[in-house]
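Everything on this sheet refers to the single structure shown next.
The values are calculated or read from the model by the stated rules, or taken from the named source; none is laboratory data. This is a predicted model, so every value here is computed, not measured. Quick reminder, even Gly has a Cβ in these numbers, built from the backbone with ideal geometry, and neighbours come from all protein chains shown.
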Amino acid sequence: MAGMASGSRPEKSKSSDIIDRFTEWSLNWVPDSMVFVLVLTSIVFVMALALTKSGPFDLIDSYAGGFWKLLTFAMQLCILMITGFVVADSKQVKRGIVAMLDWPKTARSAILLYCFVGGAVAWVHWGVGLMFCMIMGRELAVRKRGLGIHYPFIAALSYGVVNVMCNGPSQSAPLLVATPGHFLEKMIGIIPLTTTALSPFLIALQLFMFITIPILAIFLMPKKESAIEISDALYSEFTATLPVDDVTALRPAERWDRSRILQSLLALGILAWVGHYVFIKGFGKLDLNSINFAFLGLALILHGSPRSFTESVKKGVTTTSGVMVQFPMYAGIFGMISDSGLAAIITHWFVSISTPGTYAWIVYLYTGLMDFFVPSGGSKFVIEAPYIIPAAQQLGVPVAQIINAYSTGAQWANNLQPFWALPVLAAFRVRFQDILPFTFAIWLYAGIVSSIAFLVFPNGL
């Protein structure tokens, strides 16, 4: 973390040594997500070969058949990630962030504002929230320099707050099962968002987190005398201004590249359609397609010109490589699990260790564990769904509540997972070791609260 902050680094405590060891273990033994796809494929193949009547070629045939089943879902997720990035990357959003940061005058009030606003944005759209919190966090470090706000703490909040608060209507599993034609429709039908992401249970849980996480952040914030603020080098880098185009020297084609007319007309048409859709059908009928369409229109109108929009899209596309390549491979795993009969065997295992009162909580913990190794809510759901959903049906637990347990567990575990932290670490120029003490505390708190919620209300509210 060279150049992160001014001042000398304090001596390591025993707790920081444990954190360093944990992080080092993670970096040494937790490989790239592509490796996990290959490992899981091998594990599922061997399990199906040993526990079912399927032969090797039968399993390969099932893999090939499943490989193409989720291409639509993969493209939907790519659009979700790209449009979220493009919205947060707009000049209007950045100007709004700067204006908001002028309000708080103390370190505590600045952190409270950061958590409340970042959490609200993350709930609406996790992709926008992640980008928004990174931009706002950097501006917070710059504009509140001198108040004694620990720089790695800001970076940790930009990651931890998003992980806890993003369990809203943009989560892939609830959106998937709300979208007609999804791969589980014959098993569970269409499950509207009003019973999952917008259910009274999950809204109440998220509202409790929304109120208490900022308070927890205040308790976690290092004291001013021990805080390490942003360094001079990073301050200069984050405040540097880009040169402005000389529009008088542009060719006609370049002027069209920067024109707002056509793009704004398209954006207004899209947003009008989305508004009419919500007015007629209500928020409960939102699905992946309508959410994506809404954020596409918002991204178009915020950027205004084709040049600005496409440049931002180019940057956003880099976040989707794992989805484009790995999703079909996860679909192949789904094919082997479903066709071979392995799903029924794993379903029996889950039923044998669960009761109707504990099953949602077990799924929450299991998903959290799985997420450490398969850090993707969408692709992991494809693997888990063939057995956690039938187990819920056998136990008489509402499928919607299991979707809630799944999405909550997937986000909870990210606080200990370096994979999704990589953009945050790059944006703030910090190491995972620097933010882990704070994200661990958030993980522990969220785990306790969510466990109580799923044990007390196993079927939802």
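None of 227, 122 is out of contact with any helix residue (DSSP H, G or I) (no Cβ under 7 Å at 6 or more places or on another chain), closer than 18 Å to residue 428 by Cβ and hydrophobic (A, V, I, L, M, F, W, C) except 227. Here the helices (runs of 4 or more DSSP H) wholly within region 197-310 that include at least 2 residues being in contact with a Gly (Cβ under 6 Å, 6 or more places away or on another chain) and closer than 30 Å to residue 398 by Cβ are 200-220. Of the residues in region 421-428, at least one is surrounded by fewer than 20 Cβ atoms within 10 Å (Cβ to Cβ) and within 15 Å of the chain's Cα centre (by Cα). When you check residue 144 against the structure, is it within 19 Å of residue 115 (Cβ to Cβ), surrounded by 21 or more Cβ atoms within 10 Å (Cβ to Cβ) and either among the charged types (D, E, K, R) or touching a Pro at 6+ places or on another chain (Cβ under 8 Å) (or both), yes or no? Taking the combined requirement at face value, the residue satisfies it. Residues being in contact with a helix residue (DSSP H, G or I) (Cβ under 7 Å, 6 or more places away or on another chain) and small (Gly, Ala, Ser) are represented in region 201-222 by at least one member.
Each row is one residue, and each column tells you yes or no for (1) over 20 Å from the mean Cα position of the chain (by Cα); (2) farther than 19 Å from residue 446 by Cβ.
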{"position": "150", "(1), (2)": "yes, yes"}
{"position": "161", "(1), (2)": "no, no"}
{"position": "196", "(1), (2)": "no, no"}
{"position": "215", "(1), (2)": "yes, no"}
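For region 147-162, the set of residues classified as surrounded by fewer than 23 Cβ atoms within 10 Å (Cβ to Cβ) and more than 19 Å from residue 225 (Cβ to Cβ) is empty. Restricting region 289-329 to residues that are touching a Ser or Thr at 6+ places or on another chain (Cβ under 7 Å) and at pLDDT below 80 leaves a set whose member that is nearest to residue 385 (Cα to Cα) is 327. Checking each residue in region 436-456 for being buried (at least 18 other Cβ atoms within 10 Å of the Cβ), touching a Gly at 6+ places or on another chain (Cβ under 8 Å) and aliphatic (A, V, I, L, M) picks out only 442.
Every residue in region 122-145 that is hydrophobic (A, V, I, L, M, F, W, C) and within 12 Å of the chain's Cα centre (by Cα), please. 122, 123, 124, 126, 128, 130, 131, listed by residue number. Listed by position, the helices (runs of 4 or more DSSP H) contained in region 74-147 that have at least 3 residues being touching a residue at least 40 places away in the same chain (Cβ under 8 Å) and within 22 Å of residue 311 (Cα to Cα) are 91-101, 126-143. Among the residues of region 198-209, the one identified as among the aromatic types (Phe, Trp, Tyr) and either buried (at least 19 other Cβ atoms within 10 Å of the Cβ) or farther than 17 Å from residue 122 by Cα (or both) is 201.
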